[in-house]
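Following: one structure in structure tokens, then a few remarks.
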Amino acid sequence: MSAAWLPVLPVVAPLLAAPLWLVVRRPQVAWWGSMAVGAVAFAAAAALLVTVLRNGPVDYAFGGWPPPIGIAYRIDLLGAFVLVLVSGVSWVVSWAGGRGVEREVDEPRRALFFSAYLLCLAGLSGMVLTGDLFNLFVFLEISSLSTYVLVAAGRDRRALPASFRYLIMGTVGATFVLIGIGLLYAGTGTLNMADLAARLPEAFDRRAVHTGIVFLIVGIAIKAALFPLHHWLPDAYARAPGVVSAFLAATATKVAIYVFIRVVFFVFGAQATLEALAVQHTLTALAAAAVVFGSWAALRQDDTKRLLAYSSVAQIGYIVLGLMLADVAGLQAGLTHLFNHALMKGALFLALVAVVYHGGGQRLSDLAGLGARMPLTAAVIVIGGLSLIGVPLTAGFVGKWLLVEAAAAKGAWWLIAVVVVGSVFALGYVGRMLEALYFRAPAAQGGAGIAEAPLGLLVPALVLAAANLYFGIDTRLSAGLAGRVAAALGGAG
Amino acid sequence: MSASFDPAWLWLAPAVPLAGALLTPLAARRPALRDAWALVSALGLFVCVAWLAGAWWRAGAPVLRSEGPEWWAGVVLAVHVEPLSMLFASVASLLWVVTTVYSIGYMRANREAHQGRYYFCFALALAATMLVAFAANLVTLFVAYELLTLATYPLVAHKGDERARQGARTYLAILLASSMGLFLPAIVWTHVLAGGTEFVSGGLLAGRLSPAVAAALLSMFVLGVGKAAVMPVHRWLPAAMVAPTPVSALLHAVAVVKAGVFTLCKIVFYIFGPAELAALGAQEAALLLAGFTVVAASLVALRQVEFKRLLAYSTVSQLGYVVMAALLLAPLSRLGAVLHIAAHAFGKITLFFAAGAVYTALHKTRVDELAGVGRRMPWTMAAFTVGALSMIGLPPTAGFVSKWFILAGAMDWQSVFVGTVLVLSTALNAGYFLPIVCRAFFREGDGRGFEEAPWPMVAAITATAALTVGVFAAAGPLIDLARMSVEVSP
């Protein structure tokens, strides 16, 4: 009877394995074990997706307690889609963990590092799977707390203030979420999402419910780093060990956006929330600002990881822009870009791990001449960068096309202008990286030992880069599934 | 009795140079093998296109398409063949062979570094060009168009010094910004309006446009297709002149820029439909802009002293002819536009080859240093003269043929504007090309004796000059092909 516990496997496996590394304490064991657990989680997620595609949503009641009394999991196509993405990318990123921690994490902390990694994965998977609002908060805290540890795990002392800042912001966000959940509970008397969705329409006009919804959305926006609540992100990504940046950029913000979709479109009801509470206009404006500001800020960075981090702020803007069009085409565009962006940023941050492996720095000038010395790593940066710009035959193009098409169909011309401006800025900041890689002579002193990174780092980076090309050509899994999810969500009309 | 033609074979045209590109790194460390492979790739593509053209012609030159896999809902990658695409593909593949011979001479004589990367990108650019030529819809064309920009960027930045980097930056920034900013939105708009982006005889958008929408969309296309270098989106072309001369010759006189005007022709012929545009009168603004480009670029060229920059501005002006002639919409001028794509290619590549030969043999890059060069490099400068005559539009060169039809179209539709532009720019062309020829042949220079460039370069120059004259002498088949392309989209 494998199918029965399939829905909880992506959460339970990493959750149970994480404490083991505290006992074993051998980094190699922890690394191999984490990869094995990641593989199990990914396989379970893939199996879940197949099941959902065949038989429709899967339900699981913890301890046999039926909802709304017990905690229920309900996995529909949206959940399965995001879960496959999150578990898949985090698994590939974990391959790079072994080599990645060698340079960036001190020996005694390495086993702990993998514990935190698995805990974070468990938290993120739980957020995707759960059908219970309070359970969602618990998983949010599990993933957040382990993230603070991960960010601070490296040798770079500057990571400590970055992590602390993230902790403050993250805690504020989590508290907002909790207040929101509390108010909703007070207003409706239930925490189960399906139940809440059923009861909400009659309670919707209460001020407490409104307040709860707004608290929840703002809290999620902090976790998703939506402009102007993004301040924790650039520092955290720039100072964290490279593997952590790749992991977080590809998964954490994506899951936050997933939660947003879940509560707004499934629980609150898109029409009511977006229009009655003016969420649509507010978030569209903020997302547009995120695209322009994030891209512009990325253009001015000298540190490659900060550059990518600001680019993430902009990409989150694109995703939210798509979602806030609130029709099927817009949702499809947003979800497609969510999927593709995880691949781009995963590949790019892993490439930067490879760059610093042999003692290279993470400033733009440190990329100089690496095109010849690290041809494969440089190729990953090229592919990831082109995908960020949205060049055809890369994954990025698909999302951008769908977004522009959705906007054009709605007659939202200014939105196309925003996308264009963002793309032009992206061209600028990616161009700076490519130029440094290929057409700048390396600094005269030092850098003699710089050669191609070990396979342990190259393979995961190349796999993600290849995924960028693959999903630029075969879009059935990305845009195709996103389209089905969007059709199921239906939009707000 | 007519043989059939399977359009699926068209995929072979981009596939051959792609294979050539992908195998280049294997030979990168052995110069002889690498050069031989470059030549084999070019010949392979030429044979492939010649075979396709022959089979297609024998089958009665039909318009046929072959669909690739669906990319995502409603968006398909597809190729098709029609007279205009066959003409563009033939010209580009033929000139690639000549350019490869020239490249081998040039790159070796100038001891250029990174030759593996050079030939790799070159072949990749040709693969993209072939896909541009045979693209059956705007999406496929856009994919190839962007690929062409990216493949040529490393070629422009080839030297790697600050000047080359700066030029390449301008090149990439303008081309990608215009295509992402205007071309792509215009394509998506077309997709939303028509539910697809296929090239359709008579115009995909025919009957779906109001004059205002048509004018806006056409302007987005004309400015968004930056490769057509309509002012003010032309700055990338002079910037690209930092590239090695064979790159300027094939890519920035033939493949890249022709991909731009070719794209605009396709859009006018098959997306809007000439009859529809004429009825709407939506082309006026774009036509004025193209005419302005022709004259303004010539005026700028008049003031250039750097040889390649002068040629670049001349190209901007000549591209303006094609755009202007296509937008005039008269059948005869559209015929001239199609012909000019080919005619300008032969003439301009000759001029660039000559500039590169002078640089290689004498290390001269300015036109005011050319006194007496005609005596030291008689083959090169004779070929240059042929190319210059073609630019001005004098017989016995290809430029005369195309200009004839453009002018005929202008008279046919009584367009005083186009006629005036043509006369003015002919005078200007003569004004900046003839002094160079005179200086080279009739002035005393500093050096003496015969100092031609390496023989592969001289052979290539002679070949393209011969082609320029040959097109004039045997213009029949070319005119037939061009006429068909006008008939396919009335």
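Hey, could you check the range A:144-160 for residues that are hydroxyl-bearing (Ser, Thr, Tyr) and surrounded by fewer than 24 Cβ atoms within 10 Å (Cβ to Cβ) and say which is farthest from residue A:120 (Cα to Cα)? Please lay out each step first, then the result.
Our first condition is that a residue be hydroxyl-bearing (Ser, Thr, Tyr); within the range A:144-160, this holds for A:144, A:146-148.
With surrounded by fewer than 24 Cβ atoms within 10 Å (Cβ to Cβ) added as a condition, the list becomes A:144, A:146, A:148.
Details: A:144: 7, A:146: 5, A:148: 10 Å.
Step by step, filter the range A:144-160, then rank; the result is A:148.
To keep it simple, each residue is scored yes or no on (1) touching a Pro at 6+ places or on another chain (Cβ under 7 Å); (2) polar (S, T, N, Q); (3) modelled with pLDDT under 90; (4) crowded, with 24+ Cβ neighbours inside 10 Å.
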| position | (1), (2), (3), (4) |
| --- | --- |
| A:308 | no, no, no, yes |
| A:335 | no, no, no, yes |
| A:344 | no, no, no, yes |
| A:351 | no, no, no, yes |
| A:363 | no, no, yes, no |
| A:374 | no, no, yes, yes |
| A:380 | no, no, no, yes |
| A:385 | no, no, no, yes |
Of (1) out of contact with any His (no Cβ under 6 Å at 6 or more places or on another chain); (2) surrounded by 24 or more Cβ atoms within 10 Å (Cβ to Cβ), residue A:315 satisfies all except one. Which?
(1)
Helices (runs of 4 or more DSSP H) wholly inside the range B:366-460 that include at least 3 residues being farther than 30 Å from residue B:109 by Cβ
B:398-412, B:416-442
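Going by what's in this entry, would residue B:91 be described as of a type in the set (A, V, I, L, M, F, W, C) and within 11 Å of chain A (Cβ to nearest Cβ)? Before you say what the answer is, go through the steps one by one.
Values: of a type in the set (A, V, I, L, M, F, W, C): yes; within 11 Å of chain A (Cβ to nearest Cβ): no.
Considered against the rule, which asks whether it is of a type in the set (A, V, I, L, M, F, W, C) and within 11 Å of chain A (Cβ to nearest Cβ), residue B:91 comes out as no.
Considering the range B:71-86 alone, what residues qualify as being surrounded by fewer than 15 Cβ atoms within 10 Å (Cβ to Cβ) and either without any contact (Cβ under 8 Å) to a residue 24 or more places away in the chain or touching a Phe, Trp or Tyr at 6+ places or on another chain (Cβ under 9 Å) (or both)? Quick ask: steps written out before the conclusion?
In the first step, residues of the range B:71-86 are kept if they are surrounded by fewer than 15 Cβ atoms within 10 Å (Cβ to Cβ); the result is B:73-74.
Correct list: B:73 only.
Kindly indicate whether residue B:165 is within 11 Å of chain A (Cβ to nearest Cβ) and not polar (S, T, N, Q). Show your work before the answer.
On the way: within 11 Å of chain A (Cβ to nearest Cβ): yes; not polar (S, T, N, Q): yes.
Yes, satisfied.
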For the range B:23-47, which positions are under 24 Å from the mean Cα position of the chain (by Cα) and of a type in the set (A, V, I, L, M, F, W, C)?
B:38, B:39, B:40, B:42, B:43, B:45, B:46, B:47
Between A:325, A:331, which is in contact with a Gly (Cβ under 9 Å, 6 or more places away or on another chain) and within 21 Å of residue A:472 (Cβ to Cβ)?
A:331
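Take residue B:227 and decide whether it is touching an Asp or Glu at 6+ places or on another chain (Cβ under 9 Å), more than 16 Å from residue A:420 (Cβ to Cβ) and not small (Gly, Ala, Ser).
On the way: touching an Asp or Glu at 6+ places or on another chain (Cβ under 9 Å): no; more than 16 Å from residue A:420 (Cβ to Cβ): yes; not small (Gly, Ala, Ser): yes.
Answer is no for this residue.
Select, from B:151, B:157, the only residue that is under 21 Å from residue A:438 (Cβ atoms), at the interface with chain A (Cβ under 9 Å from one of its Cβ atoms) and surrounded by 21 or more Cβ atoms within 10 Å (Cβ to Cβ).
On the way: B:151 fails: at the interface with chain A (Cβ under 9 Å from one of its Cβ atoms).
Just one listed residue meets the conditions, B:157.
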For the range B:382-396, name all the residues that are surrounded by 24 or more Cβ atoms within 10 Å (Cβ to Cβ) and of a type outside the set (Val, Ile, Thr).
B:383, B:384, B:387, B:388, B:389, B:390, B:391, B:393
Tally, over the range B:173-188, of residues that are under 29 Å from residue B:70 (Cα atoms), among the hydrophobic types (A, V, I, L, M, F, W, C) and either surrounded by fewer than 23 Cβ atoms within 10 Å (Cβ to Cβ) or more than 11 Å from every other protein chain (Cβ to nearest Cβ) (or both):
2
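Each row is one residue, and each column tells you yes or no for (1) outside any helix (DSSP H, G or I); (2) at pLDDT below 85; (3) under 16 Å from residue B:140 (Cα atoms).
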position: B:14; (1), (2), (3): no, no, yes
position: B:22; (1), (2), (3): no, no, no
position: B:25; (1), (2), (3): no, yes, no
position: B:38; (1), (2), (3): no, no, no
position: B:62; (1), (2), (3): yes, yes, no
position: B:80; (1), (2), (3): yes, no, yes
position: B:87; (1), (2), (3): no, no, no
Sort through A:191, A:178 and tell me the only one that's touching a strand residue (DSSP E or B) at 6+ places or on another chain (Cβ under 9 Å) and over 30 Å from residue A:306 (Cα atoms).
A:191
Among (1) out of contact with any helix residue (DSSP H, G or I) (no Cβ under 7 Å at 6 or more places or on another chain); (2) more than 30 Å from residue B:163 (Cβ to Cβ); (3) within 12 Å of chain B (Cβ to nearest Cβ), which single condition is residue A:440 missing?
(2)
Screening B:56, B:71 for residues that are of a type in the set (Phe, Trp, Tyr), part of a strand (DSSP E or B) and within 27 Å of residue B:142 (Cα to Cα) leaves only B:71
Testing residue B:421 on (1) within 27 Å of residue B:368 (Cα to Cα); (2) under 23 Å from the mean Cα position of the chain (by Cα), one condition comes back false. Which one is that?
(1)
Selection from the range A:197-220 of residues over 14 Å from residue A:180 (Cβ atoms) and either outside any helix (DSSP H, G or I) or of a type in the set (Asp, Glu) (or both) yields A:202, A:204, A:205
Could you please find all residues in the range A:197-228 being over 17 Å from residue A:171 (Cβ atoms) and of a type in the set (Gly, Ala, Ser)?
A:197, A:198, A:203, A:208, A:212
Flagged in the range A:106-119 as within 23 Å of the chain's Cα centre (by Cα) and of a type outside the set (Ser, Thr, Tyr), in numbering order, are A:112, A:113, A:114, A:116, A:118, A:119
So for the range A:456-468 (the condition being in contact (Cβ under 8 Å) with a residue 40 or more places away in the chain, farther than 14 Å from residue A:348 by Cα and either more than 9 Å from chain B (Cβ to nearest Cβ) or within 21 Å of the chain's Cα centre (by Cα) (or both)), does at least one residue qualify?
yes
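For the range A:164-193, how many residues meet the condition of being among the small types (Gly, Ala, Ser) and modelled with pLDDT under 90? Give the steps one after another, and end with the answer.
Just the residues of the range A:164-193 that are among the small types (Gly, Ala, Ser), to begin with: A:170, A:173-174, A:180, A:182, A:186-187, A:189.
If we keep only those that are modelled with pLDDT under 90 too, we end up with A:186-187, A:189.
Number of matching residues: 3.
Residues checked against (1) touching a helix residue (DSSP H, G or I) at 6+ places or on another chain (Cβ under 9 Å); (2) not in a helix (DSSP H, G or I); (3) not aliphatic (A, V, I, L, M):
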| residue | (1), (2), (3) |
| --- | --- |
| A:260 | yes, no, yes |
| A:271 | no, no, yes |
| A:274 | yes, no, no |
| A:305 | yes, no, yes |
Tell me, yes or no, whether the range B:102-110 has at least one residue that is under 18 Å from the mean Cα position of the chain (by Cα) and farther than 14 Å from residue B:247 by Cβ.
no
Exception for residue B:200 within (1) outside any loop (DSSP other than H, G, I, E, B); (2) closer than 21 Å to residue B:68 by Cα; (3) aliphatic (A, V, I, L, M) falls at (1)
Can you name the condition, by its number, that residue A:130 falls short on among (1) closer than 29 Å to residue A:480 by Cβ; (2) at pLDDT 90 or above?
(2)
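The values are calculated or read from the model by the stated rules, or taken from the named source; none is laboratory data. Remember, it's a predicted structure, so these values are computed and weren't measured experimentally. Neighbour counts are summed over all protein chains in view; Cβ atoms, including those assigned to glycine, are modelled from backbone coordinates with ideal geometry.
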